[in-house]
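Laboratory data are not the source of any read-out in this text; all were calculated from the coordinates shown. Being a predicted model, the structure only gives us computed values, none of them experimental. Methodologically, a virtual Cβ is constructed for each residue, glycine included, from the backbone with ideal geometry; neighbour enumeration extends over all protein chains shown.
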Amino acid sequence: MSAPWVPGLATACLIAAAGFGSLVSTSGLIELIRRDLGLSFGQGGFLLSAPFALISLFALAGGRVVDRLGARRVLAAGALLALAGGGGRAFAGGFWGLALGTALVGVGLGLIYPVLPKIVSGTAPEEKRGLGATLYTVSVISGAALGVAATPLAGGWLPFAGGSAWRGGYLGWALLLLAAFLLWRRFGGAAPEEAEEAPASPAVLRDPAVWGVAASLFVNNVVFFTSLGWLPALLAGKGWSPAGAGWVVSLVPWLGIVAVLTTHPAAAALGGERNMIRACALSTALALAVLPGGGAWAAALGTAALGFTTNFWFLLCLAFPARRVERAQAGTAAGLIIGVGYAGGFVGPWAAGVARDLAGGFGPALYALALLSLASALAAPFFAPPGKPR
């Protein structure tokens, strides 16, 4: 018999996985969409970036809403918005229809994301919170990996739109999200939830560590989502087939599962989370610097390296509110960290697409990302354990 907190978290994680698969599916479809609709790289970058601006905005507000209204209501609202937007993209007639559907997915995930740490901090025993944070991190990573790698295949399964395979890809994720939502309503949505009133002015908003972790996640997401969005195009330019490039880039999120299992032992071996963040920032910068000038296999190896470094880094940021913040303010802290952090997912892919249009290649954007990663090592002291000097 499972612990009482497991069904609610497990089914919420299924919603998160399907939601992030729907979100990231544009990365696996962007070249098909650009060719079909005649879009520029800048417009493609906007489609890749737009949901992250809304994740950022709604996570900032959603964290407080979760603390006040509870996880069930907010999760249901977020899932329905993501479902409407994700499914609607399959029937979009052009760029603006896609942009609207993508925006709704971003709004929905902005509400869903802060729910996950709240469920863990509010229902899991204290000794199980690390496990709970690991579960929801795996769900996000797995959804993102499948969004890149499996989405192009869905067009062959759901060829309902006269050869526009990207429409079938979007529809497939909408159906998966609907199934996850129904499972949650059946098995996880009825779990008891203790009502609580969040502080009127949360002290967590004045905690420099929360802001420092949020800034670190911002840089992480600039790199991660720019990589998911545009590295398939870069690899295709180096001789990889579109399918091969998609599978290589899917290593970036898939290797996150390895990271989830090894981050905390690796951090302990390096002397703590601060040193782990510094190592991730420096290694990420090195991998990015290799990509523009390397050949097909060097670029593939650099891409795989990003799968380790960005996911180690991501896990430490994402686990922070569940592991370090008191229960009554966990949603607010998660909303702040996710809201600021996921603004990076908006800035990175769009800016890289515009830079590609202007420069004729991805080199300048990747070198700029390498410098930003180096600078992010300055946020490492904010990951110090409670009560220890930074």
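With θ taken as phi - 60° and the Karplus curve 6.51 cos²θ - 1.76 cosθ + 1.60 applied, the whole-hertz 3J(HN,Hα) list for the stretch 367-374 is 5, 5, 5, 4, 5, 5, 5, 4 Hz, x standing for glycine and proline.
When only alpha carbons are used to place a centre, the stretch 213-281 and the stretch 335-390 end up 12 Å from one another. Comparing Gly101, Gly302, Gly169, which has the greatest mean-square fluctuation in the GNM of the chain with Cα pairs linked when under 10 Å apart? Of the options given, Gly302 has the highest mean-square fluctuation. Assuming charge only on the beta carbon of Lys and Arg (+1) and of Asp and Glu (-1), the dipole of the chain about its Cα centre is about 40 debye to the nearest 20. Placing +1 on the Cβ of every Lys and Arg and -1 on the Cβ of every Asp and Glu, with no other charges, gives the stretch 164-317 a dipole of roughly 560 debye about its Cα centre. If the elastic network links every pair of Cα atoms under 10 Å, which of Ala53, Ala298, Ala377 fluctuates the most in the Gaussian network model of the chain? Of the options given, Ala298 has the highest mean-square fluctuation. Given the C-alpha centroids of the stretch 27-53 and the stretch 116-143, what is the distance between them in whole angstrom? Centre-to-centre distance over Cα atoms comes out at 32 Å.
Label-to-label distance, Asp357 versus Ala304, with points set 7 angstrom from Cα along the beta-carbon direction: 3.5 nm.
Label point of Leu183 set 7 angstrom out along Cα-Cβ; within the stretch 117-153, amide nitrogens under 19 Å from it belong to 117, 119-120, 132-151. Look at (1) 42, 23, 20; (2) 45, 28, 21; (3) 31, 26, 17: the one that is semi-axes √(5λ) of the Cα gyration tensor in Å derived from this structure is (3).
With a Förster radius of 35 Å applied to the C-beta separation of Lys238 and Leu282, the computed FRET efficiency comes to 0.90.
Here the relative contact order of the chain, from alpha carbon pairs under 8 Å that lie six or more residues apart, stands at 28 percent. Summing Lys and Arg as +1 and Asp and Glu as -1 over all other residues whose Cβ lies under 13 Å from the Cβ of Gln43 gives a net charge of 0.
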